[in-house]
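Presented below is the structure to which this report refers.
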Amino acid sequence: MRQETVNRDITVVGGGLAGVCAAIAAARLGRTVALVGNRPVLGGNSSSEVRVWVCGATGHGKNHHAREGGIMGELFVENQYRNPHGNPYFWDTTVLDAVRAEPNVSLFLNTDVRLVDADESGIASVTGWMMGSERLITFESPVFLDCTGDGLVGHLAGARHRIGREGRAEYGEPWAPEEPDDITLGSTLLFYTKDAGEPVRYVPPSFAKDISTTSIPERRIIKAGDNGCAYWWIEFGGELDTVHDNDRIRDELWSVIYGIWDHIKNSGKFDADTMTLEWVGALPGKREYRRLLGDYVLTQHDVLGQTPFEDRVAFGGWSIDLHPPQGMYATEAGAKQRYADGIYHVPYRSLYSVNVPNLLMAGRNISASHVAFGSTRVMATCATIGQAAGTAAALCVEHGARPRDLDTGELQRTLLREDASVIGLQLDDPADLARTATATATGTLARLVVDAPAQSWRLDADAGIVLPADPALTGVRLLLDAAADTSLTVELHDPVLGQNYVPRELVATSVLAVAAGEKQWVDLGVDWRPDSPRNAFLVVKADPLVSLHVADQATPGVLCLTRVPLRPEHETPQPLREWTDAGLLRRTFCLETGETAAFAPGKALDGYQRPYAGPHMWVSDGLPAALELAWPEPVTIGRVEVIADDDVNEDLINLHHHRTPFEVLPTLVRDYRVEVRRGGAWQAVAEVAANRRRRVAHVLAEPVTADGLRIVVESTNGAPSAHLVAVRAYSPRGDG
């Protein structure tokens, strides 16, 4: 046995996605990091050991333009290329490669932290045992991050925390129980099946449960060919202690999985003769345990009300998703869900301990009520929180500050500069030379014209169309058929919040006389000039006499939706459930608009790095195309960053919950050059072929002094025009 001491700027305990993103974020800012995980692979519940698919703010497509950016976004996009079939082992390697790419990260797998040396001044060290190597390692750092999920480091350090549900009176949350209790969400095991191509006999083990004696066959959906994602409801332990009773919970889950398979194979009710079990989990995927308390506790009101925190540093969008304490044995539905109208914010004050001065936390153990935790617990949200906490830790080390004393403005600016997503905030980076440049382009998408119909869509339900109003929305026409003379009602709504894509406030209503006829362009009479650029939500009311024409193409800045009735169990209106892009994803109603500035060259310099009250990117009118920046006086450039459009409306996934039909996002620029203008002549300083990433940094071999910079896009990965979200330029000594 060996005893060792490791000294790093920051120690991150927990190898799930929150810990991974925290470690990478801090390392990229120049800090040395020890990333300590107690499993042999990274990824936590998303790893090949547990195989939970990574959910996040998209809500599987219910939230629009909501996919996570930053480091989690990089992982999504890279995995889409490497692993389009959702192989869990390939996902492991994607995450591991991301960590190993950072020379400032020292990775310690199989290392279980069990001891914490702490007093009122904070944590001095944590000590873990590296299984299989007989190494007892003490980690010393000025700042620690608890990304364990269970909040173990915080607990051992004496951090204040909660387990279970708060009573309704504590925060006034409608979904909280009347009285507080120690009920949590339960844990889950998943399983994979495959078709062996020949008959396979199944002899159940002695511990397999006869599920016909339970409520499971009546209350839950069981299908022979479903993958593990369909069995999220195999959950148990909500009325137990999900940590101390972990083995008991695992055994009960095993008994039910093997019992379900016995039911599928041997009950005679399923066509499963050639099916066999390929994999059964052995490590329960925990949903909930300790929640460490910070200076602020996020609540149901903040999630559903989308509280615009001044110190917001991350975001979520998954529903408040609470499960019955009895889990798979409950007689009610397996989940109770309530969505906000769009993305909500997570404040920095929920990411550091209220009483341990040098402890930050990220993941499912942040400072949130049980009800709010029902949304923040999903892994892509945990990952964005991890990047925020890791960035904060790096700044704390840089300034010798405690987390509570950190300048949140600097934290937000650093996050945005690192391409993390802080919703609704513009990057104002004093080091970015592009801030003082003027942008022009060889061509710009100035009107929306979609005129290649591929199919007609009968208007049996309300249709929704989101369009940018920048500075106005005028001249909107739709291509439609009318089986007979009719009156078509069109409503114009304001979504109000920049991150929302639902109709919130009615602005105007028009009733249009439509004559019988095919493929006629009908002017909707829209003329909206809001005080500031924003999205408009048009509702075309249902009329079965009318059919809209649909083109098989996605259109920048446009969403096309249809309205579906809510199920009876949804006791309150939920616009995100009502409006869906089912059947319309990557398609557009045939339409035309008047002129728009939504895609002007200056949008690539406006500081917004994702859609917010508009698309916020330059879009060309064809290819090839160039975006040009010009300065009144020459500047010295040492580094250029190109941020392309990775289409955050696409709901990417790490495992096989669903399949996205392309390996590289079509909107990403593929082949381009970076050129500078010196003495009136353009010269190339960087050239890229076959790009598949959103953010590309070009460190020039030699700094150049120039009065112009341009990005010349020769091709994309499928889109008919160039999309650039941002272009930045830094001097050789700039902070970029």
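The values are calculated or read from the model by the stated rules, or taken from the named source; none is laboratory data. Just so it is clear, the model here is predicted, and its values are computed rather than measured. Please note: Cβ atoms are built from the backbone with ideal geometry, for glycine as well, and neighbour counts cover all protein chains shown. Ligands, DNA and RNA are excluded from the accessible area calculation, which covers all protein heavy atoms including side chains. Shrake-Rupley method; radii C 1.70, N 1.55, O 1.52, S 1.80 Å.
For the stretch 601-609, check the following and say yes or no: at least one residue is in contact with a His (Cβ under 8 Å, 6 or more places away or on another chain), surrounded by 17 or more Cβ atoms within 10 Å (Cβ to Cβ) and small (Gly, Ala, Ser).
Within the stretch 601-609 (the criterion being in contact with a His (Cβ under 8 Å, 6 or more places away or on another chain), surrounded by 17 or more Cβ atoms within 10 Å (Cβ to Cβ) and small (Gly, Ala, Ser)), the answer is no, since none of the residues qualifies.
Within the stretch 355-366, does at least one residue satisfy the condition of being open to solvent by 40 Å² or more (accessible area, probe 1.4 Å), more than 24 Å from residue 711 (Cβ to Cβ), touching a residue at least 40 places away in the same chain (Cβ under 8 Å) and outside any loop (DSSP other than H, G, I, E, B)?
Within the stretch 355-366, none of the residues are open to solvent by 40 Å² or more (accessible area, probe 1.4 Å), more than 24 Å from residue 711 (Cβ to Cβ), touching a residue at least 40 places away in the same chain (Cβ under 8 Å) and outside any loop (DSSP other than H, G, I, E, B).
Which one is modelled with the lowest pLDDT among residues in the stretch 674-687 that are surrounded by fewer than 19 Cβ atoms within 10 Å (Cβ to Cβ) and of a type outside the set (A, V, I, L, M, F, W, C)?
679
Out of curiosity, is residue 678 among the basic types (Lys, Arg) and free of Cβ contacts under 8 Å to residues at least 60 places away in the same chain?
In short, yes.
Being in contact with a Lys or Arg (Cβ under 6 Å, 6 or more places away or on another chain) and not aromatic (Phe, Trp, Tyr) is the requirement here; does residue 450 meet it?
Considered against the rule, which asks whether it is in contact with a Lys or Arg (Cβ under 6 Å, 6 or more places away or on another chain) and not aromatic (Phe, Trp, Tyr), residue 450 comes out as no.
Please enumerate the residues belonging to the stretch 699-734 that are over 14 Å from residue 675 (Cβ atoms), surrounded by fewer than 18 Cβ atoms within 10 Å (Cβ to Cβ) and in contact with a Pro (Cβ under 6 Å, 6 or more places away or on another chain).
Residues satisfying the conditions are 703, 705, 718, 732.
When the residues of the stretch 198-243 are narrowed to those that are closer than 19 Å to residue 281 by Cα and open to solvent by 90 Å² or more (accessible area, probe 1.4 Å), which ends up modelled with the lowest pLDDT?
The extreme case among them is 223.
Which one of these does residue 265 not meet: (1) touching a strand residue (DSSP E or B) at 6+ places or on another chain (Cβ under 6 Å); (2) crowded, with 19+ Cβ neighbours inside 10 Å; (3) more than 25 Å from residue 55 (Cα to Cα)?
Tallying (1) touching a strand residue (DSSP E or B) at 6+ places or on another chain (Cβ under 6 Å); (2) crowded, with 19+ Cβ neighbours inside 10 Å; (3) more than 25 Å from residue 55 (Cα to Cα), residue 265 fails exactly one: (1).
What is the one condition in (1) open to solvent by 20 Å² or more (accessible area, probe 1.4 Å); (2) within 21 Å of residue 653 (Cα to Cα) that residue 314 does not satisfy?
Status for residue 314: all satisfied but (1).
Say we look at the stretch 170-197 and pick out the residues that are aromatic (Phe, Trp, Tyr) and closer than 17 Å to residue 285 by Cα; which of these is surrounded by the fewest Cβ atoms within 10 Å (Cβ to Cβ)?
Here the residue is 192.
Wholly within the stretch 389-470, which strands (runs of 3 or more DSSP E) include no fewer than the required count, namely at least 3 residues that are farther than 28 Å from residue 722 by Cβ and at pLDDT below 95?
none
What about residue 616, is it part of a loop (DSSP other than H, G, I, E, B), open to solvent by 40 Å² or more (accessible area, probe 1.4 Å) and within 24 Å of residue 62 (Cβ to Cβ)?
Considered against the rule, which asks whether it is part of a loop (DSSP other than H, G, I, E, B), open to solvent by 40 Å² or more (accessible area, probe 1.4 Å) and within 24 Å of residue 62 (Cβ to Cβ), residue 616 comes out as no.
Among the residues of the stretch 45-63, which ones are open to solvent by 30 Å² or more (accessible area, probe 1.4 Å) and over 30 Å from residue 561 (Cα atoms)?
Matches in the stretch 45-63: 45, 49.
If we scan the stretch 436-453, do we find a residue that is more than 30 Å from residue 712 (Cβ to Cβ) and over 33 Å from the mean Cα position of the chain (by Cα)?
Looking through the stretch 436-453, none of the residues is more than 30 Å from residue 712 (Cβ to Cβ) and over 33 Å from the mean Cα position of the chain (by Cα).
Would you confirm whether or not the stretch 412-423 contains a residue that is at positive phi and either under 30 Å from the mean Cα position of the chain (by Cα) or open to solvent by 20 Å² or more (accessible area, probe 1.4 Å) (or both)?
Taking every residue of the stretch 412-423 in turn, at least one turns out to be at positive phi and either under 30 Å from the mean Cα position of the chain (by Cα) or open to solvent by 20 Å² or more (accessible area, probe 1.4 Å) (or both).
For residue 313, indicate whether it is in a strand (DSSP E or B) and farther than 30 Å from residue 202 by Cβ.
yes
Considering the stretch 496-506 alone, what residues qualify as being surrounded by 15 or more Cβ atoms within 10 Å (Cβ to Cβ) and without any contact (Cβ under 8 Å) to a residue 60 or more places away in the chain?
If the condition is that a residue be surrounded by 15 or more Cβ atoms within 10 Å (Cβ to Cβ) and without any contact (Cβ under 8 Å) to a residue 60 or more places away in the chain, then 496 is the only one that fits.
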